Structures are given as C-alpha cells and as structure tokens.
Amino acid sequence: TLILAIETSCDETAAAVVENGKIIRSNAVASQIDIHRRFGGVVPEVASRHHVDQITVMVEEAMNEAGVSWSDLDAIAVTQGPGLIGALLVGVNAAKALAFAHGLPLVPVHHITGHIYANRFVTELQFPLIALVVSGGHTELVLMRTHGSYEVMGTTRDDAAGEAFDKVARSLGLPYPGGPEIDRLAKNGKAVIDFPRAWLEEGSLDFSFSGLKSAVLNYLHNSRQRGQSVKAEDVAASFQESVSDVLVKKTMMAAERFQVHQILVAGGVSANSNVRQKMTAAANRRSIPLVIPPLKYCTDNAAMIAAAGTIGYLKGMRADLSLNGSPNLAIEDF
Ligand code: ATP
Ligand code: MG
Ligand code: FE
C-alpha cells in the first residue's frame, strides 16, 4: 500500500509518502515556528495563510523525493481534525482536489492516531497496548486492542501537558514553543522545588496540570515580590520532574491494569528527555516493552498521518468530496 498524506492541523505544513504503513519514502515538513515565535504562540489566521503558501510545495517535494507517480498511489490520507479549523481546511481541500484530479480514494485521519502510529516506524505494534499521548493539545491514555481501535482510558481535565510546558516557559520569559526550552534549561538545574503532583482520585487515569501551572506562576510571583532571585534552571527542572512523575506513574498504572504487551509514548512532549528517561526506567523495571518515536517523528509530520491512514485505508475508511475539517473530532470514531 502506497499512501500520500497531508497534515496541516496546526503550524506545520507537511506531506509524506509511506509504504505499507511503516516505510517512509519521503517526509516533507515546513515548520512555521519561526513565524509564530514573535507572537509568543500560534496565530490561527497567520497559520492558515502560510499553509496555503506551502501546501503545493510540500506535496511536490514529497512526491519527488519518494520518486513515485500519482498512478503508483493507492490513496490520499489527510488530517481531518482535531486542530485549527482554518489550518485543517487547507490540507483537507488540497487532499480533496488531488484525490479528485487523480481518481484516488480519500482517507480521513484523526491527528492523534497519527501521533500514536509514529511508533510503527520504530517497531511493529503489539496488542493490547497503552499509548500515552502527550502533545500541545492532548494528554490521554489510549488503550488499543488491535490496529485502528482506540479507547480513551484517561484524559486531562484542564490543560494538556504541552500547553503547561508552553505556559510555564512563557512565564519564565522563554520563547515559543516552550517545551524544548524548558527541557534545555532543566539540564542545568536541580528539581529542588516541591511543586504539586495531581494524582486525582485513587486509581484515576485522568490528568490535571492547571494546579501545577498555577503553583509555578505563584512561586515566581512570590519570589519576585520578596525580591528573591529565582533560579530559572531549578524551576524548569522541578516543573518538568513533577510532570514526568505523574505521566510515568499513571502510564505504568494503566499498563498493569490492562496487562499490555507494549507501551507507546506519542506527541510533542514525548520528545522531552526527562519523560523519555523516566519512562524507559519504569518500563524496564516492569519488563514491559516501551516504544518512543525518534525526536523528528514526535512533533507534527505527515509520515505519521500516512501510517495511521494506511490502517484506515485497509479498514475501508473513506471520505467523499464533502469532507470538512473537524476541530473537535473524537478519536473513538476512528
Ligand atoms: P495536538 O497534537 O494535541 O493537536 P500539537 O500538534 O500542537 O497538538 P505537537 O506538535 O504534537 O502538538 O507537540 C507540540 C508540543 O510539544 C508543544 O507544546 C511543545 O512545547 C511540546 N514539546 C516539544 N518538544 C518538547 C520537549 N523536548 N519537552 C517538552 N515538551 C516539548
Ligand atoms: Mg506544531
Ligand atoms: Fe500534534
């Protein structure tokens, strides 16, 4: 199966060609990070305009680099949602036009299933598995009993993990996106500040990061008011430690509860070095196989959308030319 995928849900314009759901033939990504940085975050209108600017360039690059022609393809997959509506629409409309022009089936993909399937570039998935999805907009524990089956066992009640990283970074005066900045800063700090960890009710697989975020903001505010100097490295390390602690313990709780054969970590925050280290150690201790994508496949790309789209294609999922972007798409429908 040869699939061309398109991804424009947020601030990466991406196109990729993937074979059999796991062999990357090409992976073109145009990131808008530098454009949004001066605004301190993604500006939706600006993102849409740049997607329009880059989409045909990325598709051409992906097709050329893969060295395939349109008649070699089995289908075109596209991120239907969730994401920014104006951003999604650029990819959806490009995919519809290409599918129509070349007489190819159109396969809708849920963005988060893409993040999960980025792990298939590392190794074959073993079911049942639990996937910890930690990205800019999501924090979820997803149980998969087979390919293309997604059950959300826990989710965040307020902020997503990546969102917390970005907000805390901002309060420390660091540029957008804050996750990598905190990661870097934390390497020179010590986790000496006792920030809270939200465990919620006994046995809960849900998450909450807004209390932690407020605790960091209060700490900074109080220190400044008292004229005490703040060691930003220690704040970053302590915050990161608190996030990792909760993510790792809840993932292990889920892994044991559902007796999984594999743990996956997915989404932008899976690039975090502390999360990767702690998760690896915890999984090793329990002898549960752990998979985390290489750094470049942790954040948004179209190869992961093609990988998930291949499963959708084989399941017979199809969209017609009335396909619309869906900002709040549910993963259970995929
Ligand atoms: P979603 O996938 O939920 O729709 P998104 O696509 O915007 O949201 P991703 O691209 O998966 O999110 O990830 C971006 C997020 O990952 C940002 O919040 C960013 O700060 C965070 N991130 C990236 N690298 C790191 C890192 N090394 N440590 C912590 N967070 C990181
Ligand atoms: Mg992004
Ligand atoms: Fe994403």
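The values are calculated or read from the model by the stated rules, or taken from the named source; none is laboratory data. None of the values given here were measured: they were computed from a predicted structure. In this analysis, Cβ positions are derived from the backbone assuming ideal geometry, glycine residues included, and neighbour counts consider all displayed protein chains.
Summary of values
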item: Filter pass, Met58 being over 24 Å from Tyr176 (Cα atoms), out of contact with any helix residue (DSSP H, G or I) (no Cβ under 6 Å at 6 or more places or on another chain) and in a helix (DSSP H, G or I); result: no
item: Residue satisfying all of: in segment 279-300; part of a helix (DSSP H, G or I) and basic (Lys, Arg); farthest from ligand 1 (Cβ to nearest atom) among these; result: Arg285
item: Test: residue in segment 2-21 that is within 16 Å of ligand 1 (Cβ to nearest atom), farther than 10 Å from Ala302 by Cα, part of a helix (DSSP H, G or I) and under 21 Å from the mean Cα position of the chain (by Cα); result: no
item: Selection within segment 121-142 - away from ligand 1 (no atom under 15 Å from the Cβ) and buried (at least 24 other Cβ atoms within 10 Å of the Cβ); result: Ile130
item: Out of Val235, Val246, Val291, sole residue that is out of contact with any strand residue (DSSP E or B) (no Cβ under 8 Å at 6 or more places or on another chain), more than 16 Å from ligand 3 (Cβ to nearest atom), modelled with pLDDT of 95 or more and not hydroxyl-bearing (Ser, Thr, Tyr); result: Val235
item: Members of segment 1-54 that are crowded, with 23+ Cβ neighbours inside 10 Å, hydrophobic (A, V, I, L, M, F, W, C) and within 28 Å of Val122 (Cα to Cα); result: Ile3, Leu4, Ala5, Ile6, Cys10, Ala14, Ala15, Ala16, Val17, Val18, Ala28
item: Single unsatisfied condition, Thr146 versus (1) within 16 Å of ligand 2 (Cβ to nearest atom); (2) surrounded by fewer than 21 Cβ atoms within 10 Å (Cβ to Cβ); (3) not aliphatic (A, V, I, L, M); result: (1)
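Here is a yes/no grid of residues against (1) surrounded by fewer than 24 Cβ atoms within 10 Å (Cβ to Cβ); (2) without any contact (Cβ under 8 Å) to a residue 40 or more places away in the chain:
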{"residue": "Ser229", "(1), (2)": "yes, yes"}
{"residue": "Ala237", "(1), (2)": "yes, no"}
{"residue": "Val243", "(1), (2)": "no, no"}
{"residue": "Thr251", "(1), (2)": "no, no"}
{"residue": "Asn272", "(1), (2)": "no, no"}
{"residue": "Val291", "(1), (2)": "yes, no"}
{"residue": "Ala319", "(1), (2)": "yes, no"}
